Amino acid sequence: MKILIAPSIIAADFSKLAEEIKKVEAAGADLLHIDIMDGHFVPNITFGPGQVEAIKKVSGLPLDVHLMIENPFKFLNDFIKAGADIITVHIETVSTSSFKSQLKKIKGSKVRLGAALNPNTSLKKIEPIIDLLDFVLLMSVNPGFCGQKFMPIVYSKITGLRKKFRFDIEVDGGVNSENGSKLVSCGANVLAAGSFIFNATDANSAIRSLRG
Ligand code: DX5
Ligand code: ZN
């Protein structure tokens, strides 16, 4: 599978966000990872549908929108209308039955709906919907902030998931050139990286180093 790199804009310089987005686009990014936080599910607040809509206007990249919010399905259409291409919803915030009905609702549309799991959430939680999913995001930090320490617990989860899931597996949190190749060898094929890319002196080589 092609390794996709998704710079996470939570680590970008917000005072010049359009420039930062164009920088990573020119540096070879495949997706743009946008962390949506509501201050309830995670102890931080970031962007909403309005910012996603504005980013859609300046970026040609598919938008990988990561909902770290309570009641995510209440806002799903807002993010779809704003231009999200992939939306991941934390399995800790919804029932699998509501996930199933949402997946049915968007079936056939161009938007992809994936499940996100925190580091300590077992893969068992998504067993009831695994056959309906084509995108899973595995957190390698406890969500809320960029620049946190990578949690190696994610390696065995990736391996376990890849055994029974042939679609996209994204990893998000503390991803860098030290762990990137091991994440890929375990079976991840989408790497979200914030600090490693946006703090790099050369975004090009940072992205290349993740691709391995
Ligand atoms: C955690 C955030 C971060 C972000 C990536 O809630 O979701 O993981 O995407 O930031 P870094 O790569 O700096 O951990
Ligand atoms: Zn994220």
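The values are calculated or read from the model by the stated rules, or taken from the named source; none is laboratory data. Worth saying up front: this structure is predicted, and the values here are computed from it rather than measured. Here Cβ is always computed from backbone atoms with ideal geometry, including for glycine, and neighbour counts include all displayed protein chains. Quick note on the areas: whole protein, heavy atoms, side chains included, nothing else; ligands and nucleic acids left out. Shrake-Rupley method; radii C 1.70, N 1.55, O 1.52, S 1.80 Å.
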Would you please name the residue that is nearest to ligand 1 (Cβ to nearest atom), looking only at residues in the range 1-48 that are crowded, with 18+ Cβ neighbours inside 10 Å and polar (S, T, N, Q)? Ser8
Out of Phe145, Phe135, Phe150, I need the residue that is within 19 Å of Arg112 (Cα to Cα) and either touching a residue at least 24 places away in the same chain (Cβ under 8 Å) or more than 16 Å from ligand 1 (Cβ to nearest atom) (or both). Which one? Phe135
Right, Gly173: within 18 Å of the chain's Cα centre (by Cα) and either in contact (Cβ under 8 Å) with a residue 40 or more places away in the chain or within 10 Å of ligand 1 (Cβ to nearest atom) (or both) or not? yes
Select from the range 49-60 the residues that are open to solvent by less than 70 Å² (accessible area, probe 1.4 Å) and away from ligand 2 (no atom under 15 Å from the Cβ) and list them in ascending order. Pro49, Gly50, Ala54, Val58, Ser59, Gly60
Considering residues of the range 79-97 that are open to solvent by 30 Å² or more (accessible area, probe 1.4 Å) and assigned to a helix (DSSP H, G or I) only, the residue farthest from ligand 2 (Cβ to nearest atom): Ser97
Would you mind stating whether Asn204 is polar (S, T, N, Q) and more than 16 Å from the chain's Cα centre (by Cα)? yes
Inside the range 117-212, counting only helices (runs of 4 or more DSSP H) that do not spill past its ends, which hold 2 or more residues that are open to solvent by 20 Å² or more (accessible area, probe 1.4 Å), over 29 Å from Ala18 (Cα atoms) and of a type outside the set (Lys, Arg)? 153-162, 180-186
Since Ser59 meets every condition but one in (1) over 17 Å from the mean Cα position of the chain (by Cα); (2) closer than 29 Å to Leu210 by Cα; (3) polar (S, T, N, Q), which condition does it not meet? (1)
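Across the range 13-47, what is the number of residues that are more than 13 Å from ligand 2 (Cβ to nearest atom), of a type in the set (A, V, I, L, M) and outside any helix (DSSP H, G or I)? So that I can check it myself, show each step before the final result.
We begin by selecting, within the range 13-47, every residue more than 13 Å from ligand 2 (Cβ to nearest atom); these are 13-30, 38-40, 43, 45.
Cutting the leftovers down to of a type in the set (A, V, I, L, M) gives us 17-18, 21, 24, 26-27, 29, 45.
This time we only want the ones that are outside any helix (DSSP H, G or I), so: 27, 29, 45.
Qualifying residue count, the range 13-47: 3.
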Would you check if Leu76 is more than 30 Å from Gly212 (Cβ to Cβ) and surrounded by 16 or more Cβ atoms within 10 Å (Cβ to Cβ)? yes
